[in-house]
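Quick note: the coordinates plus some simple rules give every number you see, no bench work behind them. None of these values were measured; they are calculated from a predicted model. Here the Cβ positions follow ideal geometry from the backbone for every residue, glycine too, while neighbour counts run over all protein chains shown.
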Amino acid sequence: MKPEEVTPVVLRACRDAGATDAVVLVTEEEEAQIRFSNNNVTVSNNLREMSAYVFVFVKGKKAGTNIEDMSKRTLVTTAQKVVEAAKRSPGEGGYAPLPQGPLLYDDRLMNSEPVTQDPKDLMSMVREAIDAARREGAERVAGSMMARNIKLTLHTSADAFGTMERGGLEISLRAFSGPEASGHGLSVASTERDFHPSESGSEAGRLAHRAASPIEGTAGRMDAVFGPMVVADLMQQVGRMASAFHVDSGMSFLRGRLGHEVASKGVTLWDDATNPNSYGAQPFDQEGLPTQRKAIIEDGVLMTYLHNSTTAAKEGVESTANAGLVAPSPFSLAMSPGGRSLESLISGIDHGIYVTNDWYLRYQNFGNGDLSFIPRDAMFLIEGGSIGASLKELRVSDNVLRMLSNIDGIGQQRKMVKWWEVDTPVLVPAVSVKDVNFTRPQ
Amino acid sequence: MEDILEYVVQLALKEGATYAEARYQADRSESILLKNGLPEVTSFDTKRGIGIRIIAKGGLAFSATNLLNKGTLSTMVKRAVRSAVASRWLRKGGVRLSEADIVSGRFETKQRIGFGNVPMELRAELLKEADDLAIEAGRMNRVSVPGRFLSLDTWETEKTIITSDGGHVTTSVPRVAFTAFITAAVDGNGSEQRIIQLGESGGWECAERWDLPLRIKEEVGTLAMVLQRSKHLPAERMDVILGPEVVGIVSHESCGHPGEADRLLGREAAQAGDTFLTRSSLGSKAASGVVNVVDDPTLPRSFGYYACDDECVKARRRFLIKEGRFSEFLQDRETAADLDVRSNGSSRSVAYNREPIVRMANTFVQQGDHRFEELVEGVKRGVYIKNYTEWNIDDRRYNQRYVGLEAYLIESGQIRHAVRNPLLEVTTPALWSSIDAVGKDLEFSAAYCGKGDPMQGIPVWAGGPHIRLRNMHVGGGA
């Protein structure tokens, strides 16, 4: 059955079985990925899928399921089963009726051109990236490139109905100059026109070449410049922890801080799925509400948590159109740019460290934001406002709120980041941060 | 299903593949989630489809679909062959597969108490009882427990795999998993969190064995103790005893991961990373001579259990470190061919739509000969870190950090008061070479190990006995 035929069948069966509200989200997806390492293609992955996610409320009792067999019989019996599962759920969680449709969505967000799935085209883009990295001095290059076309069809029992078709291209690659010197580059775009594999390769190669022969860094509190990939990881943390689900679960350092300063003045973080040029743009959330542009942090102050209808009703506020039927989540984060160039951020530091990438961020305490993460790829000493020696083996062991509040410079140029370690698209500049705690093995 | 898989394999060979492998995988799961005492959602899913892996003109390709009609399967086979062939312009040499103990047959893990006999209401009641006891334990210990997130999952993984070189297996493994995230707080002394992950292969009897309500009650009691009674520990050099939970994460992160042959060959370099080991590391010193680290998929009841891997290679125990020396890398048939050895059955895929890659199963330090009391008696001044909160490690698996949660000072061979968040920040060689004694106990924790692109979170056990490390730098916590 086609998605448009699937959703009415499932909704009718849910209603007939006694659901108060129901949502059906049909996903059709086609994906091609090329993984490469040591300047060679490692494997080509291809995927074609269609599935329907069904979520039902029987007042405050909720259940969800996934359907992959689109025969009418399976759709009906599964719908009946999921309603029955909700009815049998003991006790009621929060409940708010689904937003009443029909609802209007921004046409610009409904469709974008599909991207190529032709393996020859994709190989050609990968080759561009590898060649560019090697031209900059990289010895070996590894990474992955993905081309995805996705169609979503959403239909709710409250008569919200929408479809969205979008393409996406992502390349993430790492160039090496010796076993301990590397640089990372990436390009993420909705269209082939905005996709720049060659530039990502050049960036990775340039950083790797410059990071050659790293020396062990020294522990201590120092001023730092965090490149966009590090800032993206930190802002992804803010976006996730702003989810009312995590706040309510006691898993968020933003709990109890609404209306308070959580970052330095000048820091503004948006969740914005409404920009058609943005990766992660989407016309509706999973309850069918038209997406919104909202500031999570504005000029350093925490403005809102991210809500679906149920979490919003519990707090007595309006939904921010961030459903997630169980947990609200951000769609596409964007930090407002500042006025400084990267060179200016670096030149403002007498003795510090420039970190270009990070990974393995883990919390010691979700509630207060104590954490550590590991600088990865190129990292440099800053001496007298200039980039100096390449460094290795340091860790940032600090507190996320403290670091956000110590941001004292924001870059002008922003980069869209999405890769293995950052799965929410984040548009961010580089920043300078005062007094960051670097540690190392003793 | 065998007919369809056979059709896929034969079609791939006809299209020009020199090797073909077709895997049907169905994961049927049921989950229940309780947040702060209220049921958040009940869910059940079936994810099933076919993954096709082929080698053509020396290129490796993987295709997957959940649209199980011949037309789509044919398209996906042809797409795999086409993309493998297209990669020849960007590849030196061809992908080869090693010799291996290829098996045929059916391997089934039985449920003593079938999931179908345990209605969701009963599962929810179990979680509710655990939540009630968490509240009660908080009240008894004068702490608040503002964050309580409990989830219980059961699922069955069925796979049928046919390869063009004679492999033909059907496997069935049921699993049970429990995750708890608990926050306890006390006025003026902050908060602490505990993440508990339990997992086994088997039926509902696993969940019954765990006695979840009592376990949660005890964990809240421990959090309260840490909040109310633990003292600051100044940074200094001292001996360290690590509990099985910490030994498990150490074994997994700084022995299992660096021992994965695909990292050695650079295949994961841009994502999960490389390894500090080299091809010539085998036989070199890895740890003190009392240390043996193994990875064993065949442990009965284990979360990472499998009888044969996703290339139809018979599973077996692998010694990563034997008597203090690097002994073996984890290999699939692709990496083994590159390194001129035989596969040791490490190829795993988390779902039908994921390429099988080199993975750990159940990684642990083998038992030694010391009782826990003997380990403690041999410490003049040290710290016992029973479990942990934060951890991380660099992508070459060399520079790592573990922050203790439940931990105690040891003086003159006696366990004294609790200490708050002691931390070890240490290199891999320094950590493993400092071990002077290994306990005779053995415990495991469950985890989902993340690797691959797209990400594959795969069930594993990690564990070991208590171990003692001499003269470590221990950082002071809060």
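Please order B:Ser74, B:Ser191 by the number of other Cβ within 10 Å, starting at the fewest. The partial results should precede the final answer.
On the way: B:Ser74 14, B:Ser191 20.
Fewest-to-most Cβ neighbours within 10 Å comes out as B:Ser74, B:Ser191.
What is the packing order of peptides B:222-228, B:419-425, taking the mean over residues of other C-beta atoms within 10 Å and listing the highest first? List each step's numbers first, then the result.
Values: B:222-228: 20.7, B:419-425: 24.3.
Order by mean packing, descending: B:419-425, B:222-228.
For chain A, just list the percent of Cα-Cα distances falling in each 10 Å bin from zero outward, please.
Whole-percent P(r) values from 0 Å outward: 5, 20, 27, 25, 16, 7, 1, 0.
State the three equivalent ellipsoid semi-axes of the range B:236-475, derived from the C-alpha gyration tensor as the square roots of 5 times its eigenvalues, in descending order and whole Å.
Working: eigenvalues 196, 56, 55 Å².
Rounded to whole Å, the semi-axes are 31, 17, 17.
Out of A:Gln237, A:Gln100, A:Gln292, any idea which swings most in a Gaussian network model of chain A, alpha carbons joined below 10 Å?
A:Gln100
Taking every DSSP beta bridge that has both residues in chain A, what percent is antiparallel when rounded to the nearest 5?
Values: 107 of 118 bridges.
Counting DSSP beta bridges with both partners in chain A, the antiparallel share is about 90 percent.
Run down the lysines and flag those whose C-alpha is under 19 Å from the C-alpha of B:Lys78, throwing out any fewer than 8 positions away in its chain.
A:Lys120, B:Lys14, B:Lys57, B:Lys70
For A:Asp377, list long-range residues whose amide hydrogen, built 1.01 Å from N in the peptide plane, is under 5 Å from its own amide hydrogen.
Amide H to amide H, under 5 Å and 5 or more residues apart or across chains, A:Asp377 pairs with nothing.
Please state, as a whole number in µm²/s, the translational diffusion coefficient that the Stokes-Einstein equation yields for the range B:79-180 at 20 °C and 1.002 mPa s, with Rh defined as the Kirkwood radius across alpha carbon pairs. Mind showing how you got there, number by number?
Working: Rh = 19.1 Å.
Stokes-Einstein gives a translational diffusion coefficient of 112 µm²/s.
Other chains' Cβ within 10 Å of B:270-278 residues: what's the mean?
The per-residue average across the peptide is 5.
Quick one: give the max-minus-min coordinate of the C-alpha atoms of the range B:188-294 along each principal axis, largest first, in Å.
51, 47, 33
Sorted from fewest to most neighbouring beta carbons within 10 Å, what does the list B:Phe62, A:Phe438 look like? Before the final figure, lay out each step's value.
Details: B:Phe62 26, A:Phe438 22.
The most exposed by this proxy come first: A:Phe438, B:Phe62.
List the equivalent ellipsoid semi-axes of the range A:1-75 in whole Å, largest first, each obtained as the square root of 5λ for an eigenvalue λ of the Cα gyration tensor.
36, 14, 8
At 4 °C and 1.567 mPa s, grab the translational diffusion coefficient of the range B:201-250 from Stokes-Einstein with a Kirkwood Rh over Cα pairs, rounded to a whole number in µm² per second. Working shown, then result.
Details: Rh = 14.3 Å.
The calculation lands on 91 µm²/s.
Take every residue in peptide A:90-101, count the Cβ atoms of other chains within 10 Å of its Cβ, and give the average of those counts. Let's see the in-between values first.
On the way: counts 12, 7, 2, 9, 3, 0, 0, 0, 0, 0, 0, 0.
Rounded to a whole number, the mean comes out at 3.
Compute, for the range B:2-229, the length of the dipole vector about the Cα centre, with Cβ point charges of +1 (Lys, Arg) and -1 (Asp, Glu) only. Units Debye, rounded to 20.
On the way: 31 positive and 30 negative charges, 266 e Å.
The dipole of the range B:2-229 has a size of about 1280 debye.
Rounded to the nearest 500, what is the 222 nm mean residue ellipticity of chain B from helices alone, with -39500 (n - 2.57) per DSSP H run of 4+ residues and division by all residues?
Values: 10 runs with 105 residues, N = 478.
After summing the helix terms and dividing by the residues of chain B, the value is -6500 deg cm²/dmol.
Return one number: the angle in degrees, 0 to 90 and rounded to the nearest 10, between the long axis of the Cα atoms of helix B:2-14 and the longest principal axis of the Cα atoms of chain B.
In chain B, helix B:2-14 runs at an angle near 60 degrees to the longest axis.
With a cut-off of 8 Å between alpha carbons and a minimum separation of six or more residues, what is the relative contact order of chain B in percent?
Working: 1301 pairs, mean separation 79.3, N = 478.
Averaging sequence separation for qualifying contacts and normalising by length gives 17 percent for chain B.
How many percent of the alpha carbon pairs in the range A:136-270 exceed a separation of 23 Å?
Numbers: 5461 of 9045 pairs.
For the range A:136-270, the share of Cα pairs beyond 23 Å comes to 60 percent.
List nothing, just return the count: lysine pairs in the range A:47-103, 8 or more apart or interchain, with Cα separation under 19 Å. Working shown, then result.
Details: A:Lys59/A:Lys81; A:Lys59/A:Lys87; A:Lys61/A:Lys81; A:Lys61/A:Lys87; A:Lys62/A:Lys81; A:Lys62/A:Lys87; A:Lys72/A:Lys81.
Lysine pair count for the range A:47-103: 7.
For the range B:52-124 and the range A:136-157, write down the distance between their C-alpha centroids in whole Å.
If we compute the Cα centre of each part, the gap is 21 Å.
Across the range A:220-302, what fraction of all alpha-carbon pairs, as a whole percent, falls in each successive 5 Å bin from zero upward?
So the P(r) values, bin by bin, are 3, 13, 17, 24, 20, 16, 5, 2, 1, 0.
Answer rounded, prolate or oblate for the range B:2-229, using the Cα gyration tensor with square roots of eigenvalues a ≥ b ≥ c: rounded when a/c is under 1.5, else prolate when a/b is larger than b/c, else oblate. Let's see the in-between values first.
Details: a/c = 3.18, a/b = 2.38, b/c = 1.34.
Verdict is prolate for the range B:2-229.
Highest first, please rank the peptides B:87-99, B:146-158, B:246-258, B:325-337 by the mean number of other Cβ atoms sitting within 10 Å of their residues.
Highest to lowest by the protection proxy: B:246-258, B:325-337, B:146-158, B:87-99.
On the first, second and third principal axes, largest extent first, how far apart are the outermost C-alpha atoms of the protein assembly as shown in Å?
73, 65, 63
Using a cut-off of 20 Å between alpha-carbon atoms, which lysines can reach B:Lys386, once sequence neighbours fewer than 8 places away in the same chain are excluded?
B:Lys386 reaches B:Lys217, B:Lys231, B:Lys440.
Could you count how many Lys pairs in the range A:214-442 have their Cα atoms under 29 Å apart, skipping same-chain pairs fewer than 8 positions apart?
Close lysine pairs under the 29 Å cut-off: 13.
Of all alpha-carbon pairs in chain B, indicate the percentage at a distance above 31 angstrom.
Working: 54343 of 114003 pairs.
More than 31 Å apart: 48 percent of the Cα pairs in chain B.
Once you compute Rg and the Kirkwood Rh from C-alpha atoms, what is the Rg to Rh ratio for the range A:269-420?
Ratio value, two decimals: 1.02.
Place +1 on the Cβ of every Lys and Arg and -1 on the Cβ of every Asp and Glu in the range B:2-229, take the dipole about the Cα centre, and give the residue among B:Gly167, B:Ala137, B:Val220 whose Cα lies farthest towards its positive end.
B:Gly167
Rounded to the nearest 20 Debye, what is the dipole magnitude of the range B:236-475 about its Cα centre when Lys and Arg each give +1 and Asp and Glu each give -1 at the C-beta? Present the calculation step by step, with values, prior to reporting the outcome.
On the way: 30 positive and 34 negative charges, 67 e Å.
In debye, rounded to 20, the range B:236-475 gives about 320.
What is the average number of partner chain Cβ atoms found within 10 Å of a Cβ in B:44-56? Each step should come with its number before you reach the end.
Numbers: counts 8, 7, 7, 4, 2, 5, 0, 2, 1, 2, 1, 0, 0.
Across the residues of B:44-56, the mean count of other-chain Cβ atoms within 10 Å is 3.
How big is D, in µm² s⁻¹, for the range B:369-426 by Stokes-Einstein at 4 °C and 1.567 mPa s if Rh is the Kirkwood radius over C-alpha pairs?
On the way: Rh = 12.4 Å.
So the translational diffusion coefficient is about 105 µm²/s.
Once every DSSP H run of n ≥ 4 in chain A is given -39500 (n - 2.57) and the sum is divided by its residues, what mean residue ellipticity at 222 nm do you get, rounded to the nearest 500 deg cm²/dmol? Don't skip to the end; give the middle numbers.
Details: 9 runs with 101 residues, N = 442.
Mean residue ellipticity, 222 nm, calculated: -7000 deg cm²/dmol.
Dimensions of the range A:3-207 along principal axes (Cα, Å, largest first)?
Dimensions of the range A:3-207 along the principal axes of its Cα atoms: 65, 36, 30 Å.
³J(HN,Hα) across the range B:219-228 via Karplus (A = 6.51, B = -1.76, C = 1.60, θ = phi - 60°), whole Hz, x for Gly/Pro?
5, 5, x, 5, 4, 4, 4, 4, 5, 9
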